[in-house]
1. Which one of the conditions (1) in a helix (DSSP H, G or I); (2) over 17 Å from A:G253 (Cα atoms); (3) open to solvent by less than 40 Å² (accessible area, probe 1.4 Å) does A:I117 fail to meet, given that it meets all the rest?
2. Checking the conditions here, which among A:G83, A:G49 is within 15 Å of the chain's Cα centre (by Cα) and buried (at least 24 other Cβ atoms within 10 Å of the Cβ)?
3. Hey, can you tell me all the residues within the range A:175-197 that are open to solvent by less than 40 Å² (accessible area, probe 1.4 Å) and in contact with a Phe, Trp or Tyr (Cβ under 9 Å, 6 or more places away or on another chain)?
4. So, in the range A:231-263, how many residues would count as being over 25 Å from A:I85 (Cβ atoms) and open to solvent by 10 Å² or more (accessible area, probe 1.4 Å)?
5. Identify, please: which residue in the range A:268-281 is in contact (Cβ under 8 Å) with a residue 24 or more places away in the chain and open to solvent by 10 Å² or more (accessible area, probe 1.4 Å) and is, among those, farthest from the chain's Cα centre (by Cα)?
6. I need the full set of residues from the range B:312-353 which are small (G, A, S), within 9 Å of chain A (Cβ to nearest Cβ) and in contact (Cβ under 8 Å) with a residue 24 or more places away in the chain, in order please.
7. Being aliphatic (A, V, I, L, M) and either within 10 Å of chain A (Cβ to nearest Cβ) or closer than 14 Å to B:K100 by Cβ (or both) is true for just one of B:V157, B:V114. Which residue is that?
8. Does A:T128 meet the test of being within 14 Å of another protein chain (Cβ to nearest Cβ), touching a Leu at 6+ places or on another chain (Cβ under 7 Å), open to solvent by 50 Å² or more (accessible area, probe 1.4 Å) and not aromatic (F, W, Y)?
Amino acid sequence: MRDFWKKITDKYGYPKVFMTMFLIILCILAVIQKQNLPGLLKDSLVRVGMNGILVLAMVPSVNSGTGLNFGLSLGILCGMLAGCISIELKLTGITAIFTAILISIPFSAVVGYLYGILLNRVKGDEMTVGTYMGFSIVSLMCIGWLLLPFQSPDMIWAIGGKGLRTTIALAGKFAKVMDNFLSFNILGEPIPTGTLLLFGVACVIMAIFFKTKTGVAMMASGDNPKFAAANGINVNKQRIIGTMLSMILGGIGIIIYAQSFGFFQLYTGPLMMPFMAISAILIGGATAKNANISNVISGTILFFALLAISLPVINKMMPEGNLSEVVRIIITYGVILYALTKVGGDN
Amino acid sequence: MTISMNTQLNITNKKEKQKTSWMQELTNYSVPILFIIICLLGVYASKLNPVYIINEIVVRLARNLFLVLALIIPVIAGMGLNFAIVIGAMAGQIGIIAIKVFDMGGLSGFMMAVLISTPFALLFGYGTGLILNKTKGKEMITSLMLGYFANGLYQLVFLTFMGTIIPIDNPEIILSNGMGLKNALDLKFIQYSIDYILRPNIMGIKIPVVSLLLVVVLCFIIRFIVKTKLGQDFRALGQDINIAEVSGIKTDKTRLIAITISTVLAAWGQIIFLQNIGTLNTYNSHEQVGMFAIAALLVGGASVTKATIGQAIVGTLLFHTLFIVSPFAGKNLFGDSQIGEYFRSFIAYGVIALSLVLHAWQKYMNARNKEKLE
């Protein structure tokens, strides 16, 4: 038994093993509580599709050597801005969502480029700097959301007539567009086919990218910068490309997230979002130096299925107070903390 | 050949020295000067009565300085900005909640809160130190994450254990279903228990003498600690942890002591803070403590590797002046006080980000120069 335990913890790492066990316990509890199981499955799938691309955004930054992207909120802001622009243009449906994605890409690319340059100057401290760059730009954008000249009455405050609202409802714009795309029912619950499909496609593209020349160079420069440099790879350039890709995925990710969620949460909404994605990929078995697509998929499924199932199960056990939120906080930061202690010091 | 190499070496050394000293200079003075200008503009734009502003500043100095000073020792010991003072603040709040349960008011209640919080703070500080010793060189991100994680545990304890595992049956503080603490606890029973002991009114400015005296005493204690053998060890660690290790200093133990002192001071600081505020927002009074204290310290010109008592005082003064005036300035300039509030949180985050960038940049450049020399 002990050998078996050691074997699986060695192979999958403690976070993955513990989260799987926790998930199994929650599932058993759900069965005992006679919860609506197909509904829980649907909720889990929706959440997986919703967050998948945001988690995927960690892969290029980790593999290019800049570590987990704690500044992902910068990309998220770009995505939100693009989403607001697409609403301002009075677009709806699939057009709106793809216009938003197209608009977000140049924004995220520019931001990612600048952020990449910054990260190249603070090698070794990307995490701390990234966190606080994210925080400060999010709070700067709070002023931006108030002052940007948006006119659409669906987005600005009804009273005063200027400044964007804190939550922007996407109903009638592009809410659930991808979720409903090719959606079919299993056990009476709709499956968010389009969103999952998009997540799958993004994963495949990412996997293919790491087979291309640039992708291989990026992996090399992340793995061993000195060796890569000796082989004529421009490590700094690869790091910038990785950061740009990560930001672009962050921008696309938040648009997909919002279409599934039904709202954009502006202002301080993106502040803590990177941590969820980081935690998910760490649960999937990634480290600050190494991440692959299977880490993304398994981590996203484990973490977000766990959150989706824990909500009704815990609320049934303790109806008042939001214990499930507390559980989310403890898991998210506990996992990150564990990963940090695992990496150890750089001395 | 040797001669030319030597001169080359000297030149690079000189260049390096100049560069770092210029950077040092920049980080030392430009930040406070910039903030003095911003504050003056803010004061002008807010159109507030100067007596009101000074009164507010005095109150806020007495309220916040203790927490800011709690940050100094870890910086000296080379552990960077201790984002985990949030955990100390939680220990302080445990003390406050305890006296609320015992219903002890006034000065004796305050003393009791300090007494109860101290063992918790010692324990938490020790735990924090153990974790930070495992993540040398990444203390700041670890302490930040640790603060968030501890916040989750704190909420778990006070939201679900109170009234269930910890048997407390007081409808004034427990939620109506008998489980979990209420969101806001009224602290009128200890409010101003320190501030109002002696409060002379000098030209319209009311001075909470005892609170300020506590801060002064703390300043002297910190100065004293820094001058002892222990303080020398802290500084040695701050200079270079490897050299300190080689020269026989027990690095891990010294770091534990530094972080424990910081945590205990933060606990006391939070109690002083709350006795002035008068209400405890059970689940988020502590959340912003780390950020605001750190931003205040940095505004005074401190950096990740260097912080003095003077910088703490100047920084708190400037940062809180900005806090007082920015909503009013925002309202007068843009017709929206919200902008001022967002601006000040941007300043808080921004100054931390800037200082982290400068520190990391300098570290990276030093490492690269060293590599080149080798």
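1. Answer for A:I117: the failing condition is (3).
2. A:G49
3. Residues satisfying the conditions are A:A175, A:I191, A:P192, A:T193, A:G194, A:T195.
4. Of the residues in the range A:231-263, 11 are over 25 Å from A:I85 (Cβ atoms) and open to solvent by 10 Å² or more (accessible area, probe 1.4 Å).
5. It comes out as A:T268.
6. Within the range B:312-353, B:A348 is the sole residue that qualifies.
7. B:V157
8. For A:T128, the condition - within 14 Å of another protein chain (Cβ to nearest Cβ), touching a Leu at 6+ places or on another chain (Cβ under 7 Å), open to solvent by 50 Å² or more (accessible area, probe 1.4 Å) and not aromatic (F, W, Y) - is not met.
The values are calculated or read from the model by the stated rules, or taken from the named source; none is laboratory data. In this text the structure is predicted, and so the values were computed from the model without any measurement. Neighbour counts run over all protein chains shown; Cβ positions are idealised from the backbone, glycine included. SASA here: full protein model, heavy atoms, side chains in, ligands and nucleic acids out. Shrake-Rupley method; radii C 1.70, N 1.55, O 1.52, S 1.80 Å.
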